[in-house]
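Asker: Here it is, the structure in full.
Since every read-out is calculated from the coordinates, none of them should be taken as a lab result. Here the structure is a predicted model, which means the values were calculated and not measured. All Cβ positions, glycine included, derive from the backbone under ideal geometry; neighbour counts span all protein chains shown.
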Amino acid sequence: MRLRIRFTKLGKIRWTSHRDIARMWERALRRTQLPAAYSEGFSPRPKISFGLALPTGGESLAEYLDIDLAEPVATAGLAERLSTALPGGLDVVRVAEADSRGSLQQDVTSCSWEIGVPSSTDLAALVDAGLAARELVVSRERKGHITEDDIRPAVKQLAVHDGRLVCELATQPRGVRPAELLGALGVVAASADIRRTHQWIERDGARWEPLPPDAPALNAQERAS
C-alpha cells in the first residue's frame, strides 16, 4: 500500500532543512507505529518519496510525500495522529491511498505562490512590467558555468491579491524559483515572504492537485506560532 500525504510547513520550522524534515517524518512514522516498508542494503530506510523541494525559509500550505507500507492500514484519523507526532508547523491536512506509482517530482507541472514584498514596492507596476516583458532573463550556474535563461515562458500567472504578489510558475522542463522571478523583476528576494499555496498536475488540458485538502489543517496556524 502507498499513502499520499499532504501537509503544511508554517512558522519557525520553515528554516529547517529538507534533511531534518525527513528525519522528523521518520520519527513520526515510528511514533505512530505505521508499518513502513524499508529499503534493502546495509542501512535500511523507510521508503518515503518527497515532492518538489521547498526553498529554505519558505512556508507552504501544500507539501506532499508518498510512503510505501508493508501492509494496508486504515486512513481514518491518521492525519490527526501524524500531526500530533510532528513538531509545530508541520500539520497533516489529508492522508489517502495513492492511486498511482508515479513520482511527485515528475508529475507536478507547476506551483502557485504568494509572495509578500516590502510595502514600499508598487506591486501593480511590478506585475504590469513583468507581464509586458518579452523576456525575463536570470543568471544560473550549470556545471560550473554561468548561463542566462529566459524564464518568461515559465511564468503562467502573475497578479496582485490582498497586497501580495501571486504567481504560478512552471516546474518543467526546468523549474523556476520564486527568488529567480523576484530577481528578474528587480526585487531583492531576501526581503520577501514566500509561501507555496498549491502544486498542480496538468495533462491534456485538465489539471488537479496531487491530493486536495478535505479541510484546513487542525490548528495549523496555532501550532506554527
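Asker: Report the net charge of residues surrounding Val92, where surrounding means a beta-carbon distance below 9 angstrom and charges are Lys +1, Arg +1, Asp -1, Glu -1.
Answerer: Local charge sum for Val92: +1.
Asker: Which aspartates and glutamates have a Cα lying under 14 Å from the Cα of Lys47, excluding residues fewer than 8 positions away in the same chain?
Answerer: Straight-distance partners of Lys47: Glu26, Asp66, Asp68, Glu71.
Asker: On to the next question. Only one of the listed values, (1) 14.3; (2) 11.9; (3) 11.3, was derived from the coordinates as mean projected area of the Cα convex hull in nm²; which label is it?
Answerer: Label of the calculated value: (1).
Asker: Just to confirm my numbers, what's the Cα centroid distance between segment 108-125 and segment 152-192 in Å?
Answerer: Each part's Cα centre sits 6 Å from the other's.
Asker: I've got another one for you. Within a 10 angstrom radius of the beta carbon, how do Asp150, Asp91, Asp204 rank from fewest other beta carbons to most?
Answerer: Ranking Asp150, Asp91, Asp204 by Cβ neighbours within 10 Å, fewest first, gives Asp204, Asp150, Asp91.
Asker: Taking neighbour Cβ counts within 10 Å as the exposure measure, how do Arg6, Arg195, Arg142 sort from fewest upward? List each step's numbers first, then the result.
Answerer: On the way: Arg6 25, Arg195 21, Arg142 9.
Placing the least packed residue first, the sequence is Arg142, Arg195, Arg6.
Asker: For the residue pair Lys143 and Ala206, what label-to-label distance in nm results when each label sits 7 Å from Cα along the Cα-to-beta-carbon direction?
Answerer: Placing both labels 7 Å along Cα→Cβ, they lie 3.9 nm apart.
Asker: Show me the trypsin sites (Lys or Arg not before Pro) within segment 53-141 that DSSP assigns to loop and that have at most 16 other Cβ atoms within 10 Å of their Cβ. Before the final figure, lay out the partial values.
Answerer: Details: sites: Arg81, Arg94, Arg101, Arg134, Arg140; in loops: Arg101, Arg134.
Sites meeting the loop and neighbour criteria: Arg101, Arg134.
Asker: How high is the FRET efficiency between Thr197 and Ser43 when r is their beta carbon distance and R₀ equals 30 Å, given to the nearest 0.05?
Answerer: That gives a FRET efficiency of 0.25.
Asker: Does anyone have the angle between helix 123-132 and the longest principal axis of the chain? Alpha-carbon axes, 0 to 90°, nearest 10?
Answerer: That helix lies at roughly 80 degrees to the long axis.
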